[in-house]
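Q: Submitted below is the structure of interest, expressed as structure tokens.
What follows is calculated from the coordinates using simple rules that are stated; it is not laboratory data. Values in this document were obtained by computation on a predicted structure and should not be read as measured data. As a convention, Cβ positions derive from the backbone with ideal geometry for all residues, glycine included, and neighbour counts pool all protein chains shown.
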Amino acid sequence: MLELYHFHGATCGLKTRIALAEKGVDYVEHALTRAEVRSPKYRAINPNAVVPTLIHDGNTIFESSCIINYIDDAFEGPALKPSEPLVMAYLWWWLKRADECLPMIGTLTYTISMRPKLIAMRPEEIEQHIQGIPNAATRARRRRIIEQGYESSDFDQSIEGLLKMLSDMENSLMKNEWLIGDNYTLSDTAMTPLVERIYELECSGLLDKYGVVKDWYERIQARASYENCLGLTPNPEGPQHSENGKKAWPYIKALID
Ligand SMILES: N[C@@H](CCC(=O)N[C@@H](CS)C(=O)NCC(=O)O)C(=O)O
């Protein structure tokens, strides 16, 4: 039996769902709420209180990059990794890149879209929210985002990092149809939720200089896996991201101009 724990709105959860859809693998879906991710019941499954978690025949796997790699190895369906060692090295570079960029996209999401709700809470509830994050670095970053908003150095650094990510993608996609060659691979899977979130937050202006990435993204959206994941179950936080993103964009535009 194959079970996936995730929540709709989680970029890393989306990464694993896309890999499963690309592979055509059936699984039991446990779609959690944000509150359930922190519950004792879920922490007994994943003490890091994050999604995704994959459980295959009783074996638990954490970390989205490890999970999508496992999905490709363990199940039949189209190969999502190359056979050549050199191209495989490039694939791992992108998986690493996606993991590195996750805190940046998280900073963008929390500063723009989640912070307004958080700062409206009572001080003790805000503290409870912060203290509920098991990872010390994430906890400290969340505190800075809540307390300083756009003034936190995390925000500027994240915008800079995400522009570098898009520039790296542009350079690869100018040479190849997909990120590492002529075929769609896990590299493309791993980068999709990050670009998706940029669009959800109405920050597509970040891609203005990266037209080839825009073309890639249109091809990503035309894939059955995208429809299977986001068409059938759109991100319930999408309208909130869009509303807050529209207000944030003039500030971000001024920052990058
Ligand atoms: N490196 C981990 C990161 C996992 C992670 O941070 N997941 C986020 C969603 S993308 C989460 O569950 N956050 C919990 C929360 O927001 O409370 C992975 O790739 O699986």
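Q: With a Förster radius of 22 Å, plug the Cβ-Cβ distance of residue 120 and residue 247 into 1/(1 + (r/R0)^6) and report the FRET value to the nearest 0.05.
A: Values: r = 15 Å, r/R0 = 0.69.
Once the sixth-power term is evaluated, E becomes 0.90.
Q: Share of antiparallel DSSP beta bridges in the range 2-74, in percent to the nearest 5? Don't jump to the answer; show the numbers that get you there.
A: Numbers: 8 of 12 bridges.
Counting DSSP beta bridges with both partners in the range 2-74, the antiparallel share is about 65 percent.
Q: Taking 0.36 nm per intervening residue step and subtracting the Cα-Cα distance, what contour gain separates residue 224 from residue 43 on full extension? Kindly include the intermediate steps, with their values, before the conclusion.
A: Numbers: separation 181, 0.36 × 181 = 65.16 nm, distance 3.28 nm.
Taking 0.36 nm per residue and subtracting the Cα distance, the gain is 61.9 nm.
Q: Another one. Subtract the Cα-Cα distance of residue 183 and residue 36 from 0.36 nm times their separation in residues, and report this length gain in nm to one decimal.
A: Working: separation 147, 0.36 × 147 = 52.92 nm, distance 3.73 nm.
Gain in length upon complete extension: 49.2 nm.
Q: Let me ask something else. Residues in the range 139-176 near a label at residue 255, defined as backbone nitrogen under 13 Å from the 7 Å Cα→Cβ point?
A: The answer is 145-146, 148-164, whose backbone nitrogens lie closer than 13 Å to the label point.
Q: A follow-up question, please. At q = 0.20, 0.25 Å⁻¹, what log₁₀ I(q)/I(0) does the range 2-74 have when each alpha carbon counts as one equal point scatterer in the Debye sum?
A: -0.76, -1.19
Q: If you don't mind, another one. Pairs of Cα atoms under 8 Å, at least six residues apart: use those to get the relative contact order of the chain, whole percent. Numbers along the way, then the final one.
A: Values: 311 pairs, mean separation 60.1, N = 257.
Answer for the chain is 23 percent.
Q: Among 17, 223, 115, which one moves the most in a GNM of the chain with springs linking Cα atoms closer than 10 Å?
A: 223
Q: Using the Cα gyration tensor of the chain, with a ≥ b ≥ c the square roots of its eigenvalues, what is the shape: rounded (a/c below 1.5), prolate (a/b larger than b/c) or oblate (neither)? Don't skip to the answer; put the middle values down first.
A: Working: a/c = 1.83, a/b = 1.15, b/c = 1.59.
Oblate, because a/c is 1.5 or more while a/b does not exceed b/c.
Q: Here's another thing I want to ask about it. Mind checking which lysines have their C-alpha under 26 Å from residue 247, skipping anything on the same chain fewer than 8 residues away?
A: By straight Cα distance, residue 247 reaches 117, 164, 209, 214.
Q: Sticking with this one: Compactness ratio of the range 73-158: Cα Rg over 2.2 N^0.38 Å, N = residue count?
A: Numbers: Rg = 18.1 Å, N = 86, 2.2 N^0.38 = 12.0 Å.
Scaled against compact globular proteins, the figure is 1.52.
Q: What fraction of the Cα pairs in the range 118-233, stated in percent, has a spacing above 19 angstrom? Numbers along the way, then the final one.
A: Details: 3840 of 6670 pairs.
Tail of the P(r) past 19 Å holds 58 percent of the pairs.
Q: Report the full-extension gain for the segment residue 204 to residue 174: residue separation times 0.36 nm, less the Cα-Cα distance, to one decimal in nm. Write out the running numbers ahead of the final one.
A: On the way: separation 30, 0.36 × 30 = 10.80 nm, distance 1.92 nm.
That pair, residue 204 and residue 174, stretches by 8.9 nm at full extension.
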